[in-house]
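Asker: Handing you this structure, nothing more for now.
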Amino acid sequence: MNTIEEISKMIHGRLIQFVNNNLVSELLIDSRLLLFPSKTIFFALTTPRNDGHLYIQELYDQNVRNFVITQSDFPIKNFPKGNFCFVENGVDALQQLAIEHRKTLKGKIVGITGSNGKTIVKEWSKQLLEPYFRITASPKSYNSQIGVPLSLWQASADDDLCFFEAGISQPDEMQRLEKMIQPTIGIFTNIGSAHSENFETLTQKIQEKLQLFEHVKTLIYCSDQVVLSQEIQKFAQHRNIQLISWGHQSDSFLKMEQETISLNSTHLRCTYQQKQFDINIPFADQASIENIMHCLTLAIYLQLPVENLLPSLQKLKSVALRLEMHQGNHDCIIINDSYNLDMDSLRMALDFLQQQAIDHQKTLILSDIPQSGKKSDDLYQTVSDLIKEKKITRFIGIGNELMQHRQLFPEGSLFFENTPQLPEKIAQIPFHSEAILLKGSRRFQFENINNVLQKQTHETVLEINIGSLIHNLNYYRLLAKPAKMMAMVKAFAYGSGSTEIANILQHQNIDYLCVAYIDEGIELRKSGIQLPIMIMNPEASGFEDILKYRLEPEIYNFRTLQLLEELIQHQLFYCDQVIHFHLKLDTGMHRLGFEEHDLDRLIEKLLQLRNCRLQSIFSHFACSDDSACDNFTERQLTRFEQMSQKIAQALPYPVLRHISNSAAISRLPQARFDMVRLGIGLYGVASNEDEQQHLEVVNSLFSVISQIKTIAKGEYVGYSQGFLATTERRIATIPIGYADGLHRALKNRGKVLINGQRCPIVGNICMDMCMVDVTDINANEGDRVEIFGKNNPIAVLAQEAGTIPYELFTGISPRVKRIYIQE
């Protein structure tokens, strides 16, 4: 812990308001992740997308008293109990603090960079080396200009080994990371095309990444990667760096002699110091083999006996580089984050639990925390404080250490030894309507607990990437700024899960939500959503629920206006609640909305309304995504401008105006007005190829191969003899059909992705299955199938089906399991 005065000196800041010389142990850059206010210092970072100064009041109200700011005119006098340190640049100050903290670390520092595999190499190295060293590692993939200083802050002088990733996306970034990490050992995993858009050549990219190793003593790499190997050797020529390579080259430090790959495992024969040894690993893909060889080379370099490492290599677990959320039994939500376990990742997981458990009790199932670097009494007291801070309803501790410290935890907590019978014991606990976070270290095999808690469904799943959704939201926010943002979560949030997506958007401080029908809004309210919710098509039978659930109806004609007037009379009799509503104008699409000739009568009626407030006036573009319709779109825009202005000028208070959908946000900056409506773009589908480059895929639909059979020439496949084999073919059956949402128009037209190859759907699609031709690829029963996703874009599949992505998204059946992932 450091005092605020010490931190101010470290970051070359100026204490412009000093009240108490508080001790600080927690760095905070995101106000939503606050855990221990009295020990926290908040860096108010300013980025193109946000400004941390906007959240100081909120944090001050929660008893945070230490702030680093960059606005010299910030009204610090409004915060009389706060310490304020002024710096010119918040990111520079955060990095300078990391540089100073790095000076206190005494152990070996391993810096890892490369195009792929950084996180896997870090996690597998931890699995291999934890029995021999005290280890700290950057949480998840914290490898950026901001992630690295936050990672470094978690390391302590007692650590024997510290692992830090370093990732860059453009030139001149790595030097800053090197100044913070200052690795003594380097690992360059590989070089590839990831994040290459800002580099002119592959060589330039390698040279930029090599800057991380400017002062290392040892550098580990694969000698089989020719260009990378050549650049590393050039780099090391005039520097005192020991090069440690592995590969098939005869002069490799660790030489690979032979590799035999079977279905789910690999046998490797290697030579080290002229001695051969055999390794069996539980993976069969080249990427995993490469990652394991980096870890093994590091372990051997650290003088660990090979024979001691072999059993551990066989037990390596695949690293789930993400948090997963899915439906459990008895109305439970299961959040599985057993990818790694340390205090920092526990804090992040608990924050996600808090975000998703608005209408559920919160349960934490936690294992012993290995290699924390803290005394066990202090460690588990901190865990207990965290549980109380996050208001965990039920705590279940697994392992001897937690059992020994049970007196620190709330009354009613349960504790179990880690035995083979553990999953059965957990399954007997009467969970109901709970959000259950699983957070366990690898040796506790929490995947078995996950299996008994989750709702059993068939093997087709829809994965929703939360990080990608937030990325897309921020992309459009930046475009639309300073306009407010309304997010469309109608139609089950385009198939993604309305309450789950709404929870995420609420956590991201979205301004408005929009659904189609009243029952969708009621569901959100019952799930704990407090944001304003606009109802686009309110039914007459549900108007009383609008009042009960604080929903905001769209009024689009005089009939719905009459329903609103009746509701106002009703609520005046019972209470004085102000009803908020929205006006829809028809500017040319001719679906719903008041027309121009209605305006005088409409304004007259609006001025007579009492105890209600018009929140916004809006309309709907018919074809803002199509440049061929731009003349018509401009006419719509002009009409909306004139009609909405006439209404707004007649009212005694200001109202919001909005007409832009996802396509218009980017194509028509003049149409953004006060608010924009984000729909399909939020879910990663753009209106043109240029914009698609800026978005990330949110929804991915996967299944598996159930069976493969060979059929002879002249045989038919599927109902109604839908496909005729003109030659001998290998046909795979996949457990997804039209009842799951696979469009029947894809028969003999659509393609799915198997092992990197697009394979044609053959024959008529069945209710629960479809058949695919895998004759020309290496495919096996149990292989994963991508119906649509990152590598098989939904826009392409929609084109093959003769429809649009909207229909494919919203057609995914509720019986398809949704898994929410956080990278």
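The values are calculated or read from the model by the stated rules, or taken from the named source; none is laboratory data. Worth saying up front: this structure is predicted, and the values here are computed from it rather than measured. No Cβ is skipped: glycine too gets one built from the backbone with ideal geometry, and neighbour counts run over all protein chains shown. Areas reflect the complete protein model, heavy atoms only, side chains present, ligands, DNA and RNA absent. Shrake-Rupley method; radii C 1.70, N 1.55, O 1.52, S 1.80 Å.
Asker: Restricting to segment 277-304, count the residues that are of a type outside the set (V, I, T) and either within 24 Å of P183 (Cα to Cα) or in contact (Cβ under 8 Å) with a residue 60 or more places away in the chain (or both). Explain how you work it out, then say what you get.
Answerer: Quick first cut of segment 277-304, residues of a type outside the set (V, I, T) only: 277-278, 280, 282-288, 290-291, 293-296, 298-299, 301-304.
Now drop any that are not either within 24 Å of P183 (Cα to Cα) or in contact (Cβ under 8 Å) with a residue 60 or more places away in the chain (or both), which leaves 287-288, 290-291, 293-296, 298-299, 301-304.
Of the residues in that region, 14 qualify.
Asker: Does A287 qualify as being open to solvent by 50 Å² or more (accessible area, probe 1.4 Å) and among the small types (G, A, S)?
Answerer: Numbers: open to solvent by 50 Å² or more (accessible area, probe 1.4 Å): yes; among the small types (G, A, S): yes.
When the stated conditions are applied, A287 passes them.
Asker: Can you name every residue in segment 389-431 that is more than 26 Å from Q454 (Cα to Cα) and among the basic types (K, R)?
Answerer: R406
Asker: Scanning for something touching a residue at least 40 places away in the same chain (Cβ under 8 Å), open to solvent by 40 Å² or more (accessible area, probe 1.4 Å) and within 25 Å of H471 (Cβ to Cβ), does segment 534-553 turn up at least one residue? Please lay out each step first, then the result.
Answerer: Taking segment 534-553 first, the residues touching a residue at least 40 places away in the same chain (Cβ under 8 Å) are 534, 536-537, 552.
With open to solvent by 40 Å² or more (accessible area, probe 1.4 Å) added as a condition, the list becomes 537.
Right, trim to within 25 Å of H471 (Cβ to Cβ) and you get none.
Looking for residues that are touching a residue at least 40 places away in the same chain (Cβ under 8 Å), open to solvent by 40 Å² or more (accessible area, probe 1.4 Å) and within 25 Å of H471 (Cβ to Cβ), one finds none in segment 534-553, hence no.
Asker: A follow-up question, please. For segment 121-154, give me each residue that is at pLDDT 90 or above, touching a Ser or Thr at 6+ places or on another chain (Cβ under 8 Å) and under 21 Å from N190 (Cα atoms).
Answerer: V121, K122, L128, V148
Asker: Let me ask you something else. List every residue pair whose Cβ atoms lie under 6 Å apart, where the two residues are 6 or more positions apart in sequence or sit on different chains, the first residue falls within segment 10-23 and is touching a residue at least 60 places away in the same chain (Cβ under 8 Å) and closer than 19 Å to I76 by Cα, and the second residue, located anywhere, is assigned to a loop (DSSP other than H, G, I, E, B) and of a type outside the set (K, R).
Answerer: If the second residue must be assigned to a loop (DSSP other than H, G, I, E, B) and of a type outside the set (K, R), the pairs left are G13/V87.
Asker: Anything in segment 252-279 that is exposed (fewer than 13 other Cβ atoms within 10 Å of the Cβ) and touching a Ser or Thr at 6+ places or on another chain (Cβ under 8 Å)? List them, or say none.
Answerer: If the condition is that a residue be exposed (fewer than 13 other Cβ atoms within 10 Å of the Cβ) and touching a Ser or Thr at 6+ places or on another chain (Cβ under 8 Å), then E257, T260 are the ones that fit.
Asker: Does segment 536-564 hold any residues that are closer than 17 Å to D511 by Cα, hydrophobic (A, V, I, L, M, F, W, C) and out of contact with any Asp or Glu (no Cβ under 6 Å at 6 or more places or on another chain), and which are they?
Answerer: Selection gives L551 alone.
Asker: Something else about it: In this structure, is H507 open to solvent by 10 Å² or more (accessible area, probe 1.4 Å), in contact with a strand residue (DSSP E or B) (Cβ under 9 Å, 6 or more places away or on another chain) and either modelled with pLDDT under 90 or within 26 Å of L346 (Cβ to Cβ) (or both)? Give the derivation first.
Answerer: Numbers: open to solvent by 10 Å² or more (accessible area, probe 1.4 Å): yes; in contact with a strand residue (DSSP E or B) (Cβ under 9 Å, 6 or more places away or on another chain): no; either modelled with pLDDT under 90 or within 26 Å of L346 (Cβ to Cβ) (or both): yes.
It is false that H507 is open to solvent by 10 Å² or more (accessible area, probe 1.4 Å), in contact with a strand residue (DSSP E or B) (Cβ under 9 Å, 6 or more places away or on another chain) and either modelled with pLDDT under 90 or within 26 Å of L346 (Cβ to Cβ) (or both).
Asker: Can you tell me which of (1) surrounded by fewer than 20 Cβ atoms within 10 Å (Cβ to Cβ); (2) assigned to a helix (DSSP H, G or I) is the one P482 doesn't meet?
Answerer: Every listed condition holds for P482 apart from (2).
Asker: Related question: Taking the conditions exactly as written (touching a Pro at 6+ places or on another chain (Cβ under 7 Å) and of a type outside the set (A, V, I, L, M, F, W, C)), does E554 satisfy them or not?
Answerer: Numbers: touching a Pro at 6+ places or on another chain (Cβ under 7 Å): yes; of a type outside the set (A, V, I, L, M, F, W, C): yes.
It is true that E554 is touching a Pro at 6+ places or on another chain (Cβ under 7 Å) and of a type outside the set (A, V, I, L, M, F, W, C).
Asker: Would you check if there is a residue in segment 595-609 being out of contact with any Gly (no Cβ under 9 Å at 6 or more places or on another chain), open to solvent by 50 Å² or more (accessible area, probe 1.4 Å), at pLDDT below 95 and not in a helix (DSSP H, G or I)?
Answerer: Within segment 595-609, none of the residues are out of contact with any Gly (no Cβ under 9 Å at 6 or more places or on another chain), open to solvent by 50 Å² or more (accessible area, probe 1.4 Å), at pLDDT below 95 and not in a helix (DSSP H, G or I).
Asker: Can I ask one more? Tell me whether segment 563-572 contains one or more residues that are in a loop (DSSP other than H, G, I, E, B), surrounded by fewer than 20 Cβ atoms within 10 Å (Cβ to Cβ) and of a type outside the set (V, I, T).
Answerer: Of all residues in segment 563-572, those in a loop (DSSP other than H, G, I, E, B) come to none.
Within segment 563-572 (the criterion being in a loop (DSSP other than H, G, I, E, B), surrounded by fewer than 20 Cβ atoms within 10 Å (Cβ to Cβ) and of a type outside the set (V, I, T)), the answer is no, since none of the residues qualifies.
Asker: If you scan segment 801-813, which residues turn out to be touching a residue at least 40 places away in the same chain (Cβ under 8 Å) and either surrounded by fewer than 16 Cβ atoms within 10 Å (Cβ to Cβ) or assigned to a loop (DSSP other than H, G, I, E, B) (or both)? I'd like the intermediate steps shown before the answer.
Answerer: Kept after step one, since they are touching a residue at least 40 places away in the same chain (Cβ under 8 Å), are these residues of segment 801-813: 801-803, 805-813.
Listed by number, the residues that qualify are G802, T803, E807, T810, G811, I812, S813.
Asker: Would you check if there is a residue in segment 331-344 being part of a helix (DSSP H, G or I) and closer than 25 Å to E389 by Cα? Give the derivation first.
Answerer: Taking segment 331-344 and keeping what is part of a helix (DSSP H, G or I), we get 343-344.
Next, only the ones that are closer than 25 Å to E389 by Cα stay: 343-344.
Checking segment 331-344: at least one residue is part of a helix (DSSP H, G or I) and closer than 25 Å to E389 by Cα.
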